[in-house]
1. What are the residues in segment 83-103 that are small (Gly, Ala, Ser) and over 11 Å from THR131 (Cα atoms), if any?
2. Across segment 55-83, which residue is nearest to the chain's Cα centre (by Cα) among those that are farther than 18 Å from ALA35 by Cβ and touching a residue at least 12 places away in the same chain (Cβ under 8 Å)?
3. If I ask for residues that are under 30 Å from GLY106 (Cα atoms) and either at pLDDT 65 or above or surrounded by 10 or more Cβ atoms within 10 Å (Cβ to Cβ) (or both), which ones from segment 155-181 would you list?
4. If you check VAL132 against the conditions, is it assigned by TED's automatic domain parsing to the domain that holds PHE23, on the phi < 0 side of the Ramachandran plot, modelled with pLDDT of 90 or more and surrounded by 14 or more Cβ atoms within 10 Å (Cβ to Cβ)?
5. Give all pairs with beta carbons closer than 6 Å in which a residue from segment 92-120 that is part of a helix (DSSP H, G or I) meets a residue that is at pLDDT 95 or above; count only pairs at least 6 apart in sequence or on separate chains.
Amino acid sequence: MPDDPQETDVPHGVMASTKWERFRELHAQGLGRNAISREMGICNAVVSRTAEHLELTFDRSRIEAATAARLADLAERRSILAEQLTSDAERLRRKLWEPTFVYAFGGAQNVFTKELVDEPPPADKRSLMSTVGIAVDKSLKLAPTETGSSGADDAKSMLGKLAQGIAELAAQDDVPESGDE
């Protein structure tokens with residue numbers, strides 16, 4: 001087979017042989033498939049088929065490095081998001097024990113009232129605890145803790161405490177509050 005494939009041997013979907021010289025120049029400059037495609041105004045698939053026909057290959061080391069860099073960037077972003085979710089969980093958990101306003105509409109006149117209470121009612125606490133649990137769970141999925149013998153035990157302990165807290169709040173919610181009718 002000659003160095004330059006014959007025009008008659010050109011398969012369907014390969015650029016015209018009049019463009020091969022420019023194609024080879026760009027390839028020799030180290031341009032990748034996408035860059036050659038943009039430079040020559042030809043779709044990526046035609047560039048790939050032409051390279052295969054001309055027995056040219058593209059250096060993938062830059063693509064691998066770019067992919068590794070992108071994966072590292074994504075890992076960093078997940079880590080930051082995990083930190084933010086953990087901060088959110090901590091902030092929400094503190095709200096369990098802080099004074100808050102309770103709002104209501106009621107009475108024959110459907111009057112709006114609000115009252116400052118020492119801490120949220122049990123139903124609101126349960127909702128906050130569920131939200132805290134979700135934030136912690138999602139943060140752990142984004143940035144798992146280091147594997148170790150104590151890590152699993154710590155997680156089990158934390159989950160056990162969360163379950164116990166939710167159960168206590170559910171039990172409190174079943175007790176009628178004074179003034180309820």
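The values are calculated or read from the model by the stated rules, or taken from the named source; none is laboratory data. Only a predicted model underlies this, so the values are computations on that prediction, with no experimental measurement involved. Neighbour counts run over all protein chains shown; Cβ positions are idealised from the backbone, glycine included.
1. SER87
2. Quick first cut of segment 55-83, residues farther than 18 Å from ALA35 by Cβ only: 55, 68, 71-83.
In the following step, the residues that additionally are touching a residue at least 12 places away in the same chain (Cβ under 8 Å) were identified as 78-79, 81-83.
Numbers: ARG78: 6, SER79: 10, LEU81: 8, ALA82: 10, GLU83: 13 Å.
In this case the residue turns out to be ARG78.
3. ILE166, ALA167, GLU168, LEU169, ALA170, ALA171, GLN172, ASP173
4. Working: assigned by TED's automatic domain parsing to the domain that holds PHE23: no; on the phi < 0 side of the Ramachandran plot: yes; modelled with pLDDT of 90 or more: yes; surrounded by 14 or more Cβ atoms within 10 Å (Cβ to Cβ): yes.
No; evaluated as a whole, the condition is false for this residue.
5. Sorted first by the residue in segment 92-120, then by its partner, the pairs are LEU92/LEU128; LEU92/THR131; LEU92/VAL132; ARG93/VAL132; LYS95/LEU128; LEU96/LYS125; LEU96/LEU128; TRP97/GLU119.
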